[in-house]
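Note sheet for the following structure.
The values are calculated or read from the model by the stated rules, or taken from the named source; none is laboratory data. Only a predicted model underlies this, so the values are computations on that prediction, with no experimental measurement involved. Neighbour counts are summed over all protein chains in view; Cβ atoms, including those assigned to glycine, are modelled from backbone coordinates with ideal geometry. All accessible areas refer to the heavy atoms of the entire protein, side chains included, with ligands and DNA or RNA removed. Shrake-Rupley method; radii C 1.70, N 1.55, O 1.52, S 1.80 Å.
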Amino acid sequence: MERRKPPQTEEGWYVLHDFRTVDWDAWRDAPERRRAIALEEGIGYLSSAIALEDVDGDDGDTALFSVVGHEADLLILHLRPTIADLEVLERRFEGTALAEFTEQTDSYLSVTEVSGYMSEEYFEDGEDADTGISRYIQSRLEPEIPDAEYVNFYPMDKRRDAEWNWYDLSFEERKEYMSAHGDIGRDYAGKVTQIISGSVGLDDHEWGVTLFADDPADIKDLLYEMRFDPSSSRFGEFGRFRFGRRFAPENLRAYFAGQRVSTDPTDGKPVEGAASGHHGHDGSGHSGGHHHSDTSGHEEEAGTSDDADVRPELEELGVYAGKPHGEDIHAVVLYSEADPEGLFEEVDGLRTNFDHYDSHVKTAVYDTDGDEAAVVSLWQTERAANTAAGFLSDLPDIVRQAGDDEAESWGTMGMFYTVKPEHREDFVSTFADVGGLLEEMDGHRKTSLLANLEDENDMFIASRWDSREDAMEFFRSDAFGDTVEWGRDVLADRPRHVFLA
């Protein structure tokens, strides 16, 4: 008898979907003082959970949703490193005065998961796996709850009956099905972000799927399209679907008063004595991200300590290098050997979806005189950029991602210039002169000038160095200073140094 090969899996954070109904009769009959205490303790509990006061560091996330429809009024969604963390959170809520007016009518326990269907190389290569893929997978294992307005949750299984039995298929067949299924999801990048969590042995079904979007129709369209994919039509079995709308904990008062509540997670300020630090979200996917996609995320100081140290030096030289508290721009730069025009068509489709995220700055294809084109994607947070890298790495003929070379102790300096059209030729000529000086400098590896396919006056200089100090030696040189002075007349804006995500 042939034994089927299960895909390898790796687990990340544990997930609890805590569904609550409100005893509205008891709420209406309760004295005003008791209701005020319940709201204060409920807001304090949720603010504390969002601020991650229950864990060391910033591992995890929490969000609150109003459930529209049946069997629940509220959804408290927790992600934490361990089941023990979730168990404590569940008990702590029961200890609040607000819990006296609610009942847990349903819950779902699972753990974030990636499998060998996604990347066999990741499991086979271990520590030697491609850095871009590793970052993307890590964002799936430790996601952030996106800043999207709407949430959809459903559990699911793979069918096991006489005609269609998923577990009787070979690994290769299952992988082919999953690849085609994933192609549909990628078409909705930037519109719908998902968190996939495994629940075999943890709950009634095999997986939990949580979808986030700002337009509820995008979730409907995605699920409808997937119904026609064989992975779903032949092998998918689904549990109860629940739909909700996100709101800030502070707005519990408006919620219980029957008023319209704001969906902005940054609207509410914690009550006195509750957490003062709000778990920041970037609106990206990802997550998030996280994130959140992704596309939301923890508020984290951008760049490494070396990046932070270099800011004031570059600023003195007339180069904008971001601000010290998270307003920096982060770049993903991937190089492809594909035809630049064909590559642009692929990138343009992804960019349309990326534009749905507030944290997306721009994504473009830059051409060089060599054999490679560069895909540059700029984001307001590092985590959002890393999540985007997972999608961009699927572009045709990608050969490398800037910064992945372990021998590079400081990676690639990204310098962006917007040149006045009448001075473009002068700029290119001056770059050639400076390039000659660079070739003679210690620690310099390679510098290339790339032009945006859509705007030839948008220039990107990729410069690779052995170390941060080698690069700064050039920036401190008279040659660079003279170039900066000259550039004041030919550039439409200050040059910008972009940190690699």
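Points worth noting:
- Residue pairs whose Cβ atoms lie under 8 Å apart, separated by 6 or more positions or on different chains, with the first residue in region 184-212 and under 18 Å from E237 (Cβ atoms) and the second at pLDDT below 95 and basic (K, R), are I196/R140; E206/K158.
- Sole exception among (1) in contact with a Gly (Cβ under 8 Å, 6 or more places away or on another chain); (2) open to solvent by 60 Å² or more (accessible area, probe 1.4 Å) for E440, by number: (1)
- Scope region 402-423; condition modelled with pLDDT of 80 or more and buried (at least 22 other Cβ atoms within 10 Å of the Cβ); matching residues: V419
- Residue match in region 31-44 (condition: over 20 Å from Q138 (Cα atoms) and under 28 Å from the mean Cα position of the chain (by Cα)): yes
- Every residue from region 81-108 that is crowded, with 16+ Cβ neighbours inside 10 Å, in a loop (DSSP other than H, G, I, E, B) and under 27 Å from the mean Cα position of the chain (by Cα): P81
- Pairs are defined by a Cβ separation below 6 Å, a sequence spacing of at least 6 or placement on different chains, a first member in region 356-382 that is in a strand (DSSP E or B), and a second member that is among the acidic types (D, E) and at pLDDT 75 or above; the pairs so defined are A373/D367.
- Scanning region 176-226 for residues that are assigned to a strand (DSSP E or B), in contact with a Lys or Arg (Cβ under 8 Å, 6 or more places away or on another chain) and more than 17 Å from Y150 (Cβ to Cβ) yields a single hit, I196.
- Considering region 61-75, and only residues there that are of a type in the set (G, A, S) and out of contact with any helix residue (DSSP H, G or I) (no Cβ under 9 Å at 6 or more places or on another chain), the residue that is most open to solvent (accessible area, probe 1.4 Å) turns out to be G69.
- Flag if V332 is modelled with pLDDT of 90 or more and surrounded by 22 or more Cβ atoms within 10 Å (Cβ to Cβ): no
- Looking across region 6-60 at every residue that is assigned to a loop (DSSP other than H, G, I, E, B) and in contact with a Gly (Cβ under 9 Å, 6 or more places away or on another chain), the one that is surrounded by the most Cβ atoms within 10 Å (Cβ to Cβ) is identified as L52.
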